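The structure under discussion appears below in the form of structure tokens.
The values are calculated or read from the model by the stated rules, or taken from the named source; none is laboratory data. These numbers were taken from a predicted model, which means no experiment stands behind them. Don't worry about glycine lacking a Cβ; one is built from the backbone with ideal geometry, like all the others, and counts go over all protein chains shown.
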Amino acid sequence: MNFISHFQGQPFATNKVESYSRGKSLSLLLLAPALALLAIVFVWPLLRYGWLSFHADSVITGLVAIPNGGANWIRLLSDGRFWQDALQTLRFAGVSVGLELVLGLALALALHQRGPGRGVLRVLCLLPWALPTTVMALGWRWIFNDPHGPINALLLQLGLPSQGFLSTPSTTWLVSVLADVWKTTPFVALLLLAGLQSIPTDLEEAMRLEGASPWQRLRRLTLPLLIPYLGLCCLFRVAQAMGVFDLIQVLTDGGPAGSTESLALYAYLNAMRFLDFGYSASVMLGMFLLLLVLSALVLVVQRRFQQQQELT
Amino acid sequence: MNLRRPIIVAGLLLWSLLPLIWQLQTSFRTPDALVGGSLTSGWTLENYRTVLQGSPSFWRYMVNSALVGTATTGLTLSLAVPAAYGLRQQAATLKRGLLLLLVAAAVFPYVLLFLALLELARQLGWGNQLLALAIPYSGLSLPLAVLLLQAGIADLPNEIEDAARLEGLNLWQRLHRIVLPLLAPTLSSTAILVFLFSWNEYPIALTWISRSELLTLPTAMARIAGSSIYAVPYGAFAAATVLGSLPLLLLVLLFQRAIVSGLTQGAVKG
């Protein structure tokens, strides 16, 4: 067998091998359609809101956009309903995410121990998360129905008066928190469980042999190593909870007396019920700015914890 | 230690399932039984009949949601796979920047986008077009899909692809014959997550679709809720809940491994 025929038999003659630079420009081409759709869906709306927020565009102007300087923004700053909704949304997000992280961590630690039925447990964890929010929002409305829902039926049976859980501001927001925690805690637990499983077991074993208590192991080993996961979970959940819409719209429609109205619902009402698109755009951008500040806060806190960890 | 786990597991079971079981039993009760009957009487299938024979029938909403979900999944994957593959070839700084933007987009509460997307739909005549929903849905699921797929691709050894390149396979052939088959597990978990998102999406379907025979499942449910605050037909509604949950239950049962690995991979690489 001579050399020439050997090489001719091979399919990798140089002219057939793609040059590296050509591959690179081709790969940009591969990215292009996805980037284009992302620009339309994510970037365009924000630009459009930026423009719209400096225009009057409502039934009063005949749904024609007329520049109005910063009038929408000035209105936003002094709009009591916006700030009340901002506080209510923050309260909802803060309490929900706090509970979800604490309960989710506890659940993840429990599930991390080896035991039978892990697959079944995962399914049970995923089920509340996988159901459409609107479906269970109506379910919760029935469960807290006054006086026929099961909770009130139980109260009546115990000889206690039935409670208007969804007609009293002080309890209605707690029901919305409960619904959110019910849906999301198992999901948070699942993500944290992935974090726990990434921790090498021999580290924990070493600490155990040194006589560290379970609490010390958690404080000094598990939690520090979980910080990136907790940070990511927190960021994701805070952003989603700040944008809460489906749950509130179906569960309470913002009531009673606007006490559970979220920012997203307010923006929606401005656009779809009051037909004031210019102001709705300002509300959404206001909410977006709030979200940026909060996300930055979460990231700074996470970094702080991480650095502290690296120092010790 | 050994005792704690069963207790926590039982607690979790109760916590997750009790509201669902309550819906299930509600769906089989007559209206009279719901407002204070005994457990021995007042059982009926009437609620299911109402829901399935309504106009439009409940099946219609399920079919609508399934159609949109399938179209969304197809469109998302056909855009996300090339993008994730293309991302691998980019310079490190550009890649890192794009990944950060994708994470930001994946975290972003998309409900904020509904107004501009609605304007777009009106201009393009996409309102009340069921399958047109797949376009914004794909856009919204792309960040997560690309992140998951690029993490999957990054796990593939470089040598395989280099060898294929030397063998003279062009880009399309490499993608089609080498990368896709190796990526199958990631592909399936991504597909399920995208489908779930589409099946559950509410604000965009709410604003794009008004004709009742085109409603998706979540919007149809919410419409029942909005019909009256005081007299929601809870029995019929519970029946709808049960029917609407069955496909998801099936999906979660069949693909729980894929869903979990998709989610956790997203967390690890994100």
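Starting from the stretch B:58-74, take each residue that is under 26 Å from residue A:34 (Cβ atoms) and list its partners that are of a type in the set (Phe, Trp, Tyr), counting only C-beta distances under 6 angstrom and pairs at least six apart or across chains.
Between residues of the stretch B:58-74 that are under 26 Å from residue A:34 (Cβ atoms) and residues that are of a type in the set (Phe, Trp, Tyr), the close pairs are B:65/B:199; B:69/B:195; B:69/B:199; B:72/B:137; B:73/B:195.
Among the residues in the stretch A:186-193, are any within 18 Å of the chain's Cα centre (by Cα) and not aliphatic (A, V, I, L, M)?
Yes, there is a match, as at least one residue in the stretch A:186-193 is within 18 Å of the chain's Cα centre (by Cα) and not aliphatic (A, V, I, L, M).
Can you find a residue that is over 17 Å from the mean Cα position of the chain (by Cα), modelled with pLDDT under 90 and in a helix (DSSP H, G or I) anywhere in the stretch B:56-68?
Within the stretch B:56-68, one or more residues are over 17 Å from the mean Cα position of the chain (by Cα), modelled with pLDDT under 90 and in a helix (DSSP H, G or I).
Checking residue B:16 against (1) of a type in the set (S, T, N, Q); (2) in a loop (DSSP other than H, G, I, E, B); (3) closer than 30 Å to residue A:108 by Cα, which test does it fail?
That leaves (2) as the condition not met.
Could you list all residues from the stretch A:194-221 that are surrounded by 13 or more Cβ atoms within 10 Å (Cβ to Cβ), outside any helix (DSSP H, G or I) and out of contact with any Phe, Trp or Tyr (no Cβ under 9 Å at 6 or more places or on another chain)?
Answer for the stretch A:194-221, where residues must be surrounded by 13 or more Cβ atoms within 10 Å (Cβ to Cβ), outside any helix (DSSP H, G or I) and out of contact with any Phe, Trp or Tyr (no Cβ under 9 Å at 6 or more places or on another chain): A:199, A:212.
Does residue B:100 satisfy being surrounded by fewer than 19 Cβ atoms within 10 Å (Cβ to Cβ), outside any loop (DSSP other than H, G, I, E, B) and of a type in the set (A, V, I, L, M)?
So residue B:100 fits the description; yes.
In the stretch B:159-171, how many are modelled with pLDDT of 80 or more and out of contact with any Phe, Trp or Tyr (no Cβ under 7 Å at 6 or more places or on another chain)?
8
Out of the stretch A:89-131, which residues are within 15 Å of the chain's Cα centre (by Cα) and at pLDDT below 90?
A:129, A:130
Please go through the stretch A:132-166 and pick out each residue that is surrounded by fewer than 15 Cβ atoms within 10 Å (Cβ to Cβ) and of a type in the set (S, T, N, Q).
The one that is surrounded by fewer than 15 Cβ atoms within 10 Å (Cβ to Cβ) and of a type in the set (S, T, N, Q): A:157.
Could you list, ordered by first residue, the pairs with Cβ atoms under 8 Å in which the first is in the stretch A:203-232 and at positive phi and the second is of a type in the set (Lys, Arg) and assigned to a helix (DSSP H, G or I), at least 6 apart or interchain?
none
Within the stretch A:265-279, can you find the residues that are small (Gly, Ala, Ser) and in contact (Cβ under 8 Å) with a residue 40 or more places away in the chain?
Of everything in the stretch A:265-279, just one residue is small (Gly, Ala, Ser) and in contact (Cβ under 8 Å) with a residue 40 or more places away in the chain, namely A:278.
Any idea which of (1) without any contact (Cβ under 8 Å) to a residue 60 or more places away in the chain; (2) under 30 Å from residue A:110 (Cβ atoms) is the one residue A:237 doesn't satisfy?
(1)
Starting from residues that are more than 7 Å from every other protein chain (Cβ to nearest Cβ) and buried (at least 16 other Cβ atoms within 10 Å of the Cβ), keep the ones in the stretch B:252-270 and report whichever is modelled with the lowest pLDDT.
Filtering the stretch B:252-270 for residues that are more than 7 Å from every other protein chain (Cβ to nearest Cβ) and buried (at least 16 other Cβ atoms within 10 Å of the Cβ), the one modelled with the lowest pLDDT comes out as B:266.
Being more than 7 Å from every other protein chain (Cβ to nearest Cβ), surrounded by 14 or more Cβ atoms within 10 Å (Cβ to Cβ), at pLDDT 85 or above and assigned to a helix (DSSP H, G or I) narrows it down to one of A:47, A:35, A:29, so name that one.
Being more than 7 Å from every other protein chain (Cβ to nearest Cβ), surrounded by 14 or more Cβ atoms within 10 Å (Cβ to Cβ), at pLDDT 85 or above and assigned to a helix (DSSP H, G or I) holds for just one of A:47, A:35, A:29, which is A:35.
Return yes when residue A:283 is modelled with pLDDT of 95 or more and surrounded by 14 or more Cβ atoms within 10 Å (Cβ to Cβ) and no when it is not.
yes
Which condition number does residue A:138 fail, the rest of (1) touching a residue at least 60 places away in the same chain (Cβ under 8 Å); (2) facing chain B (nearest Cβ under 7 Å); (3) closer than 17 Å to residue B:14 by Cβ being met?
The single condition residue A:138 does not satisfy is (3).
Could you tell me which residue of the stretch A:50-59 is nearest to residue B:144 (Cα to Cα), considering only residues that are crowded, with 17+ Cβ neighbours inside 10 Å and more than 9 Å from every other protein chain (Cβ to nearest Cβ)?
Per the stated criteria, the residue is A:53.
Just to confirm my filter: which helices (runs of 4 or more DSSP H) fall fully inside the stretch B:103-173 and include at least 3 residues that are closer than 18 Å to residue B:202 by Cα and within 11 Å of chain A (Cβ to nearest Cβ)?
B:114-124, B:134-154
For residue A:119, all conditions in the list (1) exposed (fewer than 13 other Cβ atoms within 10 Å of the Cβ); (2) away from chain B (no Cβ under 12 Å) hold save one; what is the number of the exception?
Of (1) exposed (fewer than 13 other Cβ atoms within 10 Å of the Cβ); (2) away from chain B (no Cβ under 12 Å), only one is false for residue A:119: (2).
Considering only residues that are touching a residue at least 60 places away in the same chain (Cβ under 8 Å) and either among the hydroxyl-bearing types (Ser, Thr, Tyr) or farther than 17 Å from residue B:144 by Cα (or both), which ones fall in the stretch B:176-198?
B:179, B:180, B:186, B:188, B:189, B:190, B:198
Mind listing whichever residues of the stretch B:183-218 are β-branched (Val, Ile, Thr) and away from every other protein chain (no Cβ under 11 Å)?
Within the stretch B:183-218, B:186, B:190, B:194, B:209 qualify.
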